[in-house]
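Peer 1: Next up is a structure, given as structure tokens.
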Amino acid sequence: MTAGTVVLLRHARTAYNAGLRLQGQIDIPLDEVGRWQAEQGATALAASHKASLVVASDLQRARHTAEAYARHVGLEVVTDAGLRERSFGIWEGLTDAEIAERWPDEHAGWRSGGEPTVAGVESKDAVARRMAEAVLRHADTLGSGETLVVVSHGSAITQAITRLLGLDPATWRGLHGLHNVHWSHLHASGPGATPAWRLVAHNVGAGYPLDTWQSGPEARQ
């Protein structure tokens, strides 16, 4: 048995998101806009998906986003360190321009789809494996009529979906990342089908124009 539906939700905005800084596994909180996004996104997600189980990365930006949704469906959030963002090692906290200036060759290789060869950077394959293992471990506690909501991080979710669709995260780059508090919806395939999951929807959000969503409630005034 496994959950019939898995929803993978990216966390709300942080100051590092706003400043275009690479977060990785730095445990940074939501900013004011992020707290608003979390509430708006929770309302929209609850209207379309009622979870039987809500699981989140233990990093606070994901946990707090998950808690906003969990309140709508009357559940507690289970945290799992296996759902953390990809580690970017010594690049964490830096902007793209700062990385390019200090590591020009490594940055160019990364932006062309390669794996950065700098200290502490986790490979896409390693992220995909731990993410998929965590998602499936929780999904396997549910039945086919139930929904698992997983709140995690942009790069980690991309690698997880790629692996769950039976693709190679090290080489396949056909999936664009998620905006803050946007989600992807996967549905279990039939018994014995390959791949075991299919992507039903991707990068779905609360329905705000993107510039309003990124700017927060004051942009509506």
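The values are calculated or read from the model by the stated rules, or taken from the named source; none is laboratory data. Bear in mind that the values here come from a model prediction, so they are computed numbers and not experimental data. For neighbour counting, all protein chains shown are included, and Cβ atoms are generated from backbone atoms with ideal geometry for every residue, glycine included. Ligands, DNA and RNA are excluded from the accessible area calculation, which covers all protein heavy atoms including side chains. Shrake-Rupley method; radii C 1.70, N 1.55, O 1.52, S 1.80 Å.
Peer 1: Of all accessible surface on region 100-205 at a 1.4 Å probe, what whole percent is carbon and sulfur?
Peer 2: 51 percent
Peer 1: Roughly how many debye, to the nearest 20, is the charge dipole of the chain about its Cα centre, given +1 on each Lys and Arg Cβ, -1 on each Asp and Glu Cβ, and no other charges?
Peer 2: Value, rounded to 20: 500 debye.
Peer 1: Can you tell me the accessible area per residue over region 1-153, all protein chains present, probe 1.4 angstrom, in square angstrom?
Peer 2: 42 Å²
Peer 1: If you don't mind, another one. With each run of n ≥ 4 DSSP H residues scored as -39500 (n - 2.57), what mean residue ellipticity at 222 nm is computed for the chain after dividing by its residue count and rounding to the nearest 500 deg cm²/dmol?
Peer 2: It lands at -11000 deg cm²/dmol.
Peer 1: Normalised by the empirical 2.2 N^0.38 Å for globular proteins, what value does the Cα Rg of the chain take?
Peer 2: After normalising by residue count via 2.2 N^0.38 Å, the value is 0.99.
Peer 1: Quick check: residue separation of residue 193 and residue 125 times 0.36 nm, minus the Cα distance between them. What number comes out in nm?
Peer 2: That works out to 22.2 nm of additional length.
Peer 1: Here is a follow-up. Between residue 71 and residue 48, 0.36 nm times their residue separation minus their Cα-Cα distance comes to what?
Peer 2: Extra length from residue 71 to residue 48 when fully extended: 6.8 nm.
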